[in-house]
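Please read the structure below before turning to the comments.
The values are calculated or read from the model by the stated rules, or taken from the named source; none is laboratory data. Worth saying up front: this structure is predicted, and the values here are computed from it rather than measured. All Cβ positions, glycine included, derive from the backbone under ideal geometry; neighbour counts span all protein chains shown.
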Amino acid sequence: MHNIPQQISRIQHTIAAITSKHHRPPQSVQLLAVSKKHSALRIAEAFSAGQTAFGENYLQEARDKQNELQDLPIVWHFIGPIQSNKTREIAENFAWVHSVDRLKIATRLSQQRPEYLPPLNICIQINCDNEASKAGVTLEALPELVDAISQLPRLQLRGLMAIPAKRENMLEQQRVFQSLSDTLALLNQLDEQEPTPRFDTLSMGMSDDMEAAIAAGSTMVRIGSAIFGART
Ligand SMILES: *Cc1c(COP(=O)(O)O)cnc(C)c1O
């Protein structure tokens, strides 16, 4: 059986080592523990090891675990595909949504975000491989979506998210992540009235491509199997 606290500490050390190797400031990469298909008990174990941010893909599964764990101050991130009839429950029960790729969904999330909660943190999901079968907006369509989402009062657009297809080697993988990183930098340049960069989040990197993502500027790696073991 997987020793979760030990895996968390191992991953944190790996993230710190990679961050320093690529000359990035310490603590510039946050660990999001992706707990889909793993029980509330395992999430509680990870929480006891100091992990507070958890990512879930499936709403009903996430809601069940949230109910079991409601006494823990967990920061919940929704990272899965979003159906428009599920936006209310997402807006009410998560702090972050990483998988927004169309205005209709963003508009509903903003309208349905309760007043007693702070604005919902949003990342726009990019389809970096231009695969029709994949979720995400194309880089061409991104500026228009950024403008529109920026107008929505109950959302805080934080940055971009991507799940690129596997590449031959780390350099190829890094190149894809770098294009996302450059895109975020460009969006921040366009936004010149702001003294500090408005968009601060690049949600990229998973168990198998974490180093390439961090080398290219990831600020949040989404790690599942390397913490919790294989999903069955
Ligand atoms: C499952 C999942 C992850 C975690 O993947 P691992 O390979 O288990 O680290 C990260 N991001 C998203 C969007 C996922 O669906």
Would you confirm, using the coordinates I've provided, whether PRO114 is under 17 Å from PHE94 (Cα atoms) and in contact (Cβ under 8 Å) with a residue 24 or more places away in the chain?
no
The condition of being farther than 15 Å from VAL97 by Cβ and surrounded by fewer than 19 Cβ atoms within 10 Å (Cβ to Cβ) holds, among ALA165, ALA135, only for ALA165
Failed criterion for ALA185 (all others in (1) over 29 Å from ARG108 (Cβ atoms); (2) of a type in the set (Gly, Ala, Ser); (3) within 17 Å of the chain's Cα centre (by Cα) hold)
(3)
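Report yes if some residue within the range 57-76 is at pLDDT 95 or above, over 21 Å from ARG231 (Cα atoms) and among the hydroxyl-bearing types (Ser, Thr, Tyr); otherwise report no.
To start, the set of residues in the range 57-76 that are at pLDDT 95 or above comprises 57-76.
Then drop every residue that is not over 21 Å from ARG231 (Cα atoms), which leaves 67, 70-75.
Okay, now just the ones that are also among the hydroxyl-bearing types (Ser, Thr, Tyr), so none.
Checked the range 57-76: no residue is at pLDDT 95 or above, over 21 Å from ARG231 (Cα atoms) and among the hydroxyl-bearing types (Ser, Thr, Tyr).
Report, by residue number, each residue of the range 101-124 that is loosely packed, with under 13 Cβ neighbours inside 10 Å and not in a loop (DSSP other than H, G, I, E, B). Let's see the steps before the verdict.
Within the range 101-124, the first condition is being loosely packed, with under 13 Cβ neighbours inside 10 Å, and the residues that meet it are 104, 114-116, 118.
Once the filter is applied, which keeps residues that are loosely packed, with under 13 Cβ neighbours inside 10 Å and not in a loop (DSSP other than H, G, I, E, B), the range 101-124 yields only LYS104.
Select from the range 212-232 the residues that are of a type outside the set (Gly, Ala, Ser) and surrounded by fewer than 22 Cβ atoms within 10 Å (Cβ to Cβ) and list them in ascending order. Please lay out each step first, then the result.
The initial filter retains those residues of the range 212-232 that are of a type outside the set (Gly, Ala, Ser), namely 214, 219-223, 227-228, 231-232.
Matches in the range 212-232: THR219, ARG231, THR232.
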Considering the range 70-89 alone, what residues qualify as being in a loop (DSSP other than H, G, I, E, B) and crowded, with 17+ Cβ neighbours inside 10 Å?
ILE74, ILE79, GLY80, ILE82
Quick test for you: out of GLN6, GLN60, pick the one residue that is within 27 Å of ARG154 (Cα to Cα) and free of Cβ contacts under 8 Å to residues at least 60 places away in the same chain.
GLN60
Name the residues in the range 51-73 that are within 15 Å of the chain's Cα centre (by Cα) and more than 16 Å from the ligand (Cβ to nearest atom), would you?
THR52
Taking the range 21-50 as the search range and keeping residues that are away from the ligand (no atom under 14 Å from the Cβ) and within 16 Å of the chain's Cα centre (by Cα), which one is surrounded by the fewest Cβ atoms within 10 Å (Cβ to Cβ)?
SER28
